[in-house]
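As structure tokens, the structure follows; a few thoughts come after it.
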Amino acid sequence: MNKTILIIEDEPGIRMAIKDELEFEGFQVRLAEDGPAGLESILHSLPHLVVLDLMLPGKNGFEICREIRQRGVTIPVVVLTARGGEVDKIRGLELGADDYITKPFSLAELVARIRAVLRRCDREESGDIIRRGTITVDLRKHQVFKGDTVVEVTDKEFQILALLMKRTSEVVTRDDFLKTIWGEDVYVTHRTVDIHISAVRRKIEDDPEHPSLIVSVRNVGYKFDADV
Ligand code: CA
């Protein structure tokens, strides 16, 4: 099946040039020419990938990216930016974009980026990589990333985070953690779980005192919040 790409770009010349190139390359293409129409199209037509211009009428690309990630939409996004400070902003905001390309760009370069991002996502869907918001765990390499930055974790911390993320939005009880991660080790208690959770929070939360990724569920356990 041909993959569907949604292009959200208000400049007709660029929009049509990208459309023609992508269709030539065998993709299905959908178009949106302003922010609100683009957001609507992402949420309702679920394309395989979005090419997103940043400066758009109605709602800009930053807002669109943030909004879809907040809703838990993981569709890959390749951002188009004008020259200037935008690139720093894209990095700094941990926008949730998968790649970006600076205008003016060559269509061949854009297609190459799109193919690379789609390949990466296909691999992720195979289950080796779990990505939720800014946090990524690579189950094969035992690595954790926050944005593009590697987070150093111990083996137990890795297992805790991986278990939480595999079961995103579900409550994982302290007994679940003990059974899955510590097995038959009799010297561990619920307190052991709490201590490890605190350690993971210090490493991945923006504000570990007020965690928004790993939230406590009173008297039960913890869950990884997908809506962040
Ligand atoms: Ca624009």
* Could you check, for the range 47-64, whether at least one of its residues is basic (Lys, Arg) and within 24 Å of the chain's Cα centre (by Cα)? => yes
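Would you point out which residue out of 113, 132 is in contact with a strand residue (DSSP E or B) (Cβ under 9 Å, 6 or more places away or on another chain), open to solvent by 40 Å² or more (accessible area, probe 1.4 Å) and at pLDDT below 85?
That would be 132, the only listed residue that is in contact with a strand residue (DSSP E or B) (Cβ under 9 Å, 6 or more places away or on another chain), open to solvent by 40 Å² or more (accessible area, probe 1.4 Å) and at pLDDT below 85.
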* To do: Would you mention how many residues in the range 1-35 are open to solvent by 50 Å² or more (accessible area, probe 1.4 Å), more than 14 Å from the ligand (Cβ to nearest atom) and either in a strand (DSSP E or B) or β-branched (Val, Ile, Thr) (or both)?
  => 2
* Of the residues in the range 36-55, how many are of a type in the set (Val, Ile, Thr) and away from the ligand (no atom under 15 Å from the Cβ)? -> 1
* Condition met for residue 39 (open to solvent by less than 10 Å² (accessible area, probe 1.4 Å), in contact with a helix residue (DSSP H, G or I) (Cβ under 9 Å, 6 or more places away or on another chain) and in a helix (DSSP H, G or I)) -> no
* **the range 49-75, residues that are in contact (Cβ under 8 Å) with a residue 40 or more places away in the chain and either surrounded by fewer than 21 Cβ atoms within 10 Å (Cβ to Cβ) or assigned to a loop (DSSP other than H, G, I, E, B) (or both)** => 55, 56, 57, 70, 71, 72, 74
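Residues are listed down the side, and each one gets a yes or a no for (1) over 30 Å from residue 100 (Cβ atoms); (2) open to solvent by 80 Å² or more (accessible area, probe 1.4 Å); (3) among the hydroxyl-bearing types (Ser, Thr, Tyr):
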| residue | (1), (2), (3) |
| --- | --- |
| 121 | no, no, no |
| 128 | no, no, no |
| 150 | no, no, no |
| 172 | yes, no, no |
| 181 | yes, no, no |
| 192 | yes, no, yes |
| 200 | no, no, no |
| 217 | yes, no, no |
| 224 | no, no, no |
* Hey, residue 159 surrounded by 13 or more Cβ atoms within 10 Å (Cβ to Cβ), more than 26 Å from residue 65 (Cα to Cα) and of a type outside the set (Val, Ile, Thr) or not -> yes
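The values are calculated or read from the model by the stated rules, or taken from the named source; none is laboratory data. The model shown is predicted, which means the values in this text are computed figures rather than measured ones. Neighbour counts run over all protein chains shown; Cβ positions are idealised from the backbone, glycine included. Surface accessibility is based on the protein's heavy atoms, side chains included, excluding ligands, DNA and RNA. Shrake-Rupley method; radii C 1.70, N 1.55, O 1.52, S 1.80 Å.
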